[in-house]
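These notes concern the structure reproduced below.
Every read-out reported here was derived from the displayed coordinates using simple, explicitly stated rules and does not represent laboratory data. Quantities reported herein were computed from a predicted structural model and do not represent experimental measurements. So basically every Cβ, Gly included, is an ideal-geometry build from the backbone, and we count neighbours across all protein chains shown.
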Ligand code: ARG
């Protein structure tokens, strides 16, 4: 009886230690936004999903972390990294000189750019050069917003999400939207985008990176290393093909 009790206690202890160790797995606090399909969006079950979400989970695992993904406004992400509420942010975020003044970025994980989107029945705007004096919608805090505000004489409205900017275009509240090329391409294939079209060439060559606090070059190194492993072992391609085919 005594022996049995000892065995029981040892096994209980083993289970407890094991759980403790699992709990101790380092958590990576990741921030993203929720309306930028196919990079990040909320699915039918209310869960955050998308290319960025799969990628950061795989990167975290490769680097020995468990990703805890939180959703917030795009313009809140860099402040949350800066105040260390987040360890990193992944949200189709373009690596820019301006942002590099406040945060570090990993190596680029996706090549993007910007497109001008208009309604199909618009024959007047044939590209960025025709936006002078027009009404443009964009998402707040984005490179698309900078590009919109650089148009002389345009009336620019910034929305919290890109989805709202596109809704305003369809509702004829604005004449054009400037947004990221892969997101525009995805939108055109959806039902909501069937009455819209891209005009002109790709504006700007942009690259997406993961934003990290200036104090944490160690995390940049770890995620860069993980990214190069996932590129070599086929995981990156698997995730890419899942969302872009
Ligand atoms: N690439 C653009 C930027 O960095 C837009 C990103 C918007 N991302 C999002 N999840 N809404 O400014």
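Structure notes:
- Cα-based equivalent ellipsoid, the chain: semi-axes from gyration tensor eigenvalues, Å: 43, 19, 16
- Taking a quarter of the surface of the Cα convex hull of the stretch 112-224 gives a mean projected area of 8.0 nm².
- Whole-angstrom gap from the stretch 42-86 to the stretch 206-235, using each part's C-alpha centre: 14
- FRET E, pair residue 167, residue 198, Förster distance 22 Å, beta-carbon r, rounded to 0.05: 0.80
- The stretch 193-245 has equivalent-ellipsoid semi-axes of 30, 19, 10 Å, by the square roots of 5 times the alpha carbon gyration tensor eigenvalues, sorted largest first.
- Of 147, 82, the sequence from fewest to most neighbouring Cβ atoms within 10 angstrom is 82, 147.
- Note on the chain: GNM, Cα springs under 10 Å; of 224, 233, 179, the largest mean-square fluctuation is that of 233.
- Where both bridge residues fall in the chain, DSSP classifies roughly 60% of the beta bridges as antiparallel.
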